[in-house]
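Participant: Before I ask anything, let me first share the structure, which is written out below as structure tokens.
The values are calculated or read from the model by the stated rules, or taken from the named source; none is laboratory data. Just so it is clear, the structure is predicted and the values come from calculations on it, not from any experiment. Counting neighbours? That spans all protein chains shown, and the Cβs are built from the backbone with ideal geometry, glycine included.
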There are 2 protein chains.
Amino acid sequence: MTNRQIHIVELPKGKLGPEHFRLAEGAMPQPKEGELLLRTRLISLDAANRAWMQGATYRAAIEAGQVMAGGAVAEVIEARAPGFAAGDLVFADTGWQDYAALPARHCQKQPRVEPMSHLLSVYGVAGLTAYFGLLNVGKPKAGETVVVSAAAGSVGVFVGQIAKLKGCHVVGIAGGAKKCAWLKEELGFDAVIDYKAEAVGGALKKAAPKGIDVYFDNVGGDILEACLFRMNMHGRVACCGAVSQYDGAAPAHGPRGIPGLLVTKRLTMQGFIVMDFDAEREKALADLQSWVRSGQVKVPEDIMTGLEKTPEALIGLLAGDNIGKRMVRVS
Amino acid sequence: MTNRQIHIVELPKGKLGPEHFRLAEGAMPQPKEGELLLRTRLISLDAANRAWMQGATYRAAIEAGQVMAGGAVAEVIEARAPGFAAGDLVFADTGWQDYAALPARHCQKQPRVEPMSHLLSVYGVAGLTAYFGLLNVGKPKAGETVVVSAAAGSVGVFVGQIAKLKGCHVVGIAGGAKKCAWLKEELGFDAVIDYKAEAVGGALKKAAPKGIDVYFDNVGGDILEACLFRMNMHGRVACCGAVSQYDGAAPAHGPRGIPGLLVTKRLTMQGFIVMDFDAEREKALADLQSWVRSGQVKVPEDIMTGLEKTPEALIGLLAGDNIGKRMVRVS
């Protein structure tokens, strides 16, 4: 039996391309005592995958020659650890391969939900990141204006919908007329800005006429700068990521207006990742489940099929091709 | 009777100089019903005075041809409002002049303290800004490392001393060997960095070997950037001002690492001004009084004499000439 794997040939210095990956065949891994043998089912694609190639972040840097790292929903084939049994579903950093043997303590048991893909979207890192980043960091009040960038992305679609059900005026920033129309028509955003077609600073005057109270930042760079200049007094910026800055060299400068605007408008900017809120995970999942059940939160997903598609799935994600959570079905 | 006044001739486009001011003689103001006639005693000099010339901040912009705005301790000469009497001391925006007539509701009654100058330093905006910015925004814990820039300035001297008495490792960044030696010897800072003599980024490795937990930023610009790169996980940046950016054109760029470092290290940056914490003012003053009485907090002051000295007092402050709170004694 073989184990198909996607290896990193070389770390990208500029834009990530297919030449940085290769499909290889490895041996079938053998689980040691305390480990689980896992079969990968659905691989999660995330902008953070690219950030890991830039150096150490909240995890160690990825190195050339290794199997590409990445989270996935996987099925337990053989359990050599207490508390797990064959057939269980787990979330784990299997990497981009058919099979992995991992210490059970690094595997998070998952419930069976239908469809299984929701474990990676609304009930996974994407949904929880939106939930905690918006509610615990952004802290919007009903009637306030919430702006979210990468609004049609895996996290953005939930940020906008949760902000709507909290009674906020919601503005989405996304690239392309198709995504923008879809955000308004399908997800109920109040206003949208197509950053590829219009200057964000000027468009915000119309889309957020009362200014911005909460900006959920997925992109950094020029869009962050444009939003900072439109923030209201005591506004909050939830810093979730900087997808505009992952796929290339580190940017030469940060946004203008820092720290001047932070002082004059008494703004708070706070970086976070979903693990910071593990203690509140159960409550968050219960809220998300009830909103999905009631139809208040729709779950857009963008699923490709076949392990060999994983490199192009990530490259396309970084270019903004996806609508909703992107994943690859492996088995 | 005449009223000497300092007028703004023209708003500075670049560096502030004596040519932007002129000494003039105005008429003695007449208080209307509800107003107080005030004699200016001590004028407070603040980097914010310069920021007001750049446009609207938390107050309206200053305009050419007006008396220069500025806060002062003043004595009531004639009271045409209930609750005030001749001889009372108040804090008010008298502007740079001998006499002013102001609505009583814009005047904050002050206690008699000895020396009166403490009303502008430790018991004034400087002391309260240090107290709230450090304790309510920075939230240092004993054993953590606190870095403060403009450490020998009006606010910095109190930030460092309060952080010391809370059990922190305290690093001051200031310009010049004299100030740096004084911070260590007189105020008990654990380490100092002379930003005019050494690169701040490299010097921080030695001065803050465990990284920075709280950075109290008075300056913005390159020093803010250098500190961001040395922050610890879950660190806090209290944004108090950006003195490096007031005396010239608006900066072309912000610090590198935003938002990337905020996300990976889960940092919080928060802008504040002292008025945000008015509700806790009494407790803060009680703490400061007890620390001054016990000698745990020393009160460095830098007092010049004569209304005509006010322009050069501000110009020198922006160049970093002062040690401790700068003020001008008018009468």
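Participant: Residues of the stretch B:206-229 being surrounded by fewer than 23 Cβ atoms within 10 Å (Cβ to Cβ) and in a loop (DSSP other than H, G, I, E, B), which ones?
Facilitator: Matches in the stretch B:206-229: B:PRO209, B:LYS210, B:GLY211, B:PHE229.
Participant: Looking at A:ALA163, A:ALA150, A:ALA177, A:ALA142, can you tell me which residue is closer than 18 Å to A:SER44 by Cα, small (Gly, Ala, Ser) and either modelled with pLDDT of 95 or more or in contact with a Lys or Arg (Cβ under 6 Å, 6 or more places away or on another chain) (or both)?
Facilitator: Only one candidate passes the filter, namely A:ALA150.
Participant: Can you name every one of the strands (runs of 3 or more DSSP E) wholly within the stretch B:23-136 that holds 3 or more residues which are without any contact (Cβ under 8 Å) to a residue 60 or more places away in the chain?
Facilitator: In the stretch B:23-136, the matching strands (runs of 3 or more DSSP E) lie at B:72-79, B:89-92, B:108-110.
Participant: Report the residue count in the stretch B:266-284 for those that are within 7 Å of chain A (Cβ to nearest Cβ) and charged (D, E, K, R). Please lay out each step first, then the result.
Facilitator: Step one: of the stretch B:266-284, the residues within 7 Å of chain A (Cβ to nearest Cβ) are B:266-273, B:276.
Within this subset, residues satisfying the condition of being charged (D, E, K, R) are B:266, B:276.
Here the count works out to 2.
Participant: Still on this structure, I have one more. From the list B:ALA203, B:ALA242, B:ALA199, which residue is surrounded by 15 or more Cβ atoms within 10 Å (Cβ to Cβ) and at pLDDT 95 or above?
Facilitator: B:ALA203
Participant: Any idea which residue in the stretch A:50-80 is surrounded by the most Cβ atoms within 10 Å (Cβ to Cβ), counting only those that are of a type in the set (Lys, Arg) and in contact with a Phe, Trp or Tyr (Cβ under 7 Å, 6 or more places away or on another chain)? So that I can check it myself, show each step before the final result.
Facilitator: Filtering the stretch A:50-80 down to residues of a type in the set (Lys, Arg) leaves A:50, A:59, A:80.
Checking which are in contact with a Phe, Trp or Tyr (Cβ under 7 Å, 6 or more places away or on another chain) leaves us with A:50, A:59.
Details: A:ARG50: 22, A:ARG59: 12.
The qualifying residue surrounded by the most Cβ atoms within 10 Å (Cβ to Cβ) is A:ARG50.
Participant: Evaluate the following for B:VAL125: is it at pLDDT below 95, in contact with a helix residue (DSSP H, G or I) (Cβ under 7 Å, 6 or more places away or on another chain) and farther than 16 Å from B:ALA286 by Cβ? Please lay out each step first, then the result.
Facilitator: Values: at pLDDT below 95: yes; in contact with a helix residue (DSSP H, G or I) (Cβ under 7 Å, 6 or more places away or on another chain): yes; farther than 16 Å from B:ALA286 by Cβ: yes.
The answer is yes for B:VAL125.
Participant: Mind checking which pairs have a first residue in the stretch A:206-226 that is at positive phi and a second that is part of a loop (DSSP other than H, G, I, E, B) and modelled with pLDDT of 95 or more, Cβ under 6 Å, 6 or more apart or different chains?
Facilitator: What qualifies is A:GLY211/A:ARG230.
Participant: Still on this structure, please answer the following. Does A:LEU38 count as touching a strand residue (DSSP E or B) at 6+ places or on another chain (Cβ under 8 Å) and either surrounded by 12 or more Cβ atoms within 10 Å (Cβ to Cβ) or under 16 Å from A:TRP96 (Cα atoms) (or both)? Working first, answer last.
Facilitator: Working: touching a strand residue (DSSP E or B) at 6+ places or on another chain (Cβ under 8 Å): yes; either surrounded by 12 or more Cβ atoms within 10 Å (Cβ to Cβ) or under 16 Å from A:TRP96 (Cα atoms) (or both): yes.
Yes: the conditions hold for A:LEU38.
Participant: Same structure, new question: Out of all the residues in the stretch B:243-255, which are within 7 Å of another protein chain (Cβ to nearest Cβ) and within 16 Å of B:TYR215 (Cα to Cα)?
Facilitator: B:PRO255
Participant: Hey, can you tell me all the residues within the stretch A:11-28 that are of a type outside the set (A, V, I, L, M), out of contact with any His (no Cβ under 6 Å at 6 or more places or on another chain) and surrounded by fewer than 16 Cβ atoms within 10 Å (Cβ to Cβ)?
Facilitator: Just the residues of the stretch A:11-28 that are of a type outside the set (A, V, I, L, M), to begin with: A:12-15, A:17-22, A:25-26.
Still in the running and out of contact with any His (no Cβ under 6 Å at 6 or more places or on another chain): A:13-15, A:17-21, A:25-26.
Selection gives A:LYS13, A:GLY14, A:LYS15, A:GLY17, A:PRO18, A:GLU19, A:GLU25, A:GLY26.
Participant: On the given criteria, is B:PHE272 out of contact with any His (no Cβ under 7 Å at 6 or more places or on another chain), closer than 24 Å to A:ALA226 by Cβ and surrounded by fewer than 24 Cβ atoms within 10 Å (Cβ to Cβ)? Explain how you work it out, then say what you get.
Facilitator: Numbers: out of contact with any His (no Cβ under 7 Å at 6 or more places or on another chain): yes; closer than 24 Å to A:ALA226 by Cβ: yes; surrounded by fewer than 24 Cβ atoms within 10 Å (Cβ to Cβ): yes.
Yes.
Participant: In this structure, is A:LEU318 at negative phi, modelled with pLDDT under 95 and more than 14 Å from chain B (Cβ to nearest Cβ)? Outline the logic, then answer.
Facilitator: Working: at negative phi: yes; modelled with pLDDT under 95: yes; more than 14 Å from chain B (Cβ to nearest Cβ): yes.
So A:LEU318 fits the description; yes.
Participant: Here's another thing I want to ask about it. Do we have any residue at all in the stretch B:273-292 that's part of a loop (DSSP other than H, G, I, E, B) and either β-branched (Val, Ile, Thr) or modelled with pLDDT under 95 (or both)? Steps first, please.
Facilitator: To start, the set of residues in the stretch B:273-292 that are part of a loop (DSSP other than H, G, I, E, B) comprises B:273.
Of the ones still in play, those that are also either β-branched (Val, Ile, Thr) or modelled with pLDDT under 95 (or both) are B:273.
Looking through the stretch B:273-292, at least one residue is part of a loop (DSSP other than H, G, I, E, B) and either β-branched (Val, Ile, Thr) or modelled with pLDDT under 95 (or both).
Participant: Pick from the stretch A:206-230 the residues that are more than 19 Å from the chain's Cα centre (by Cα) and within 10 Å of chain B (Cβ to nearest Cβ): which of them is farthest from B:MET269 (Cα to Cα)?
Facilitator: Checked the stretch A:206-230; the qualifying residue farthest from B:MET269 (Cα to Cα) is A:GLU225.
Participant: Restricting to the stretch A:234-267, give me the number of residues that are within 22 Å of A:ALA174 (Cα to Cα), not in a strand (DSSP E or B) and not hydroxyl-bearing (Ser, Thr, Tyr). Can you show your working first?
Facilitator: Taking the stretch A:234-267 first, the residues within 22 Å of A:ALA174 (Cα to Cα) are A:235-248, A:251, A:254-256.
Then drop every residue that is not not in a strand (DSSP E or B), which leaves A:240-248, A:251, A:255-256.
Still in the running and not hydroxyl-bearing (Ser, Thr, Tyr): A:240-243, A:245, A:247-248, A:251, A:255-256.
Of the residues in that region, 10 qualify.
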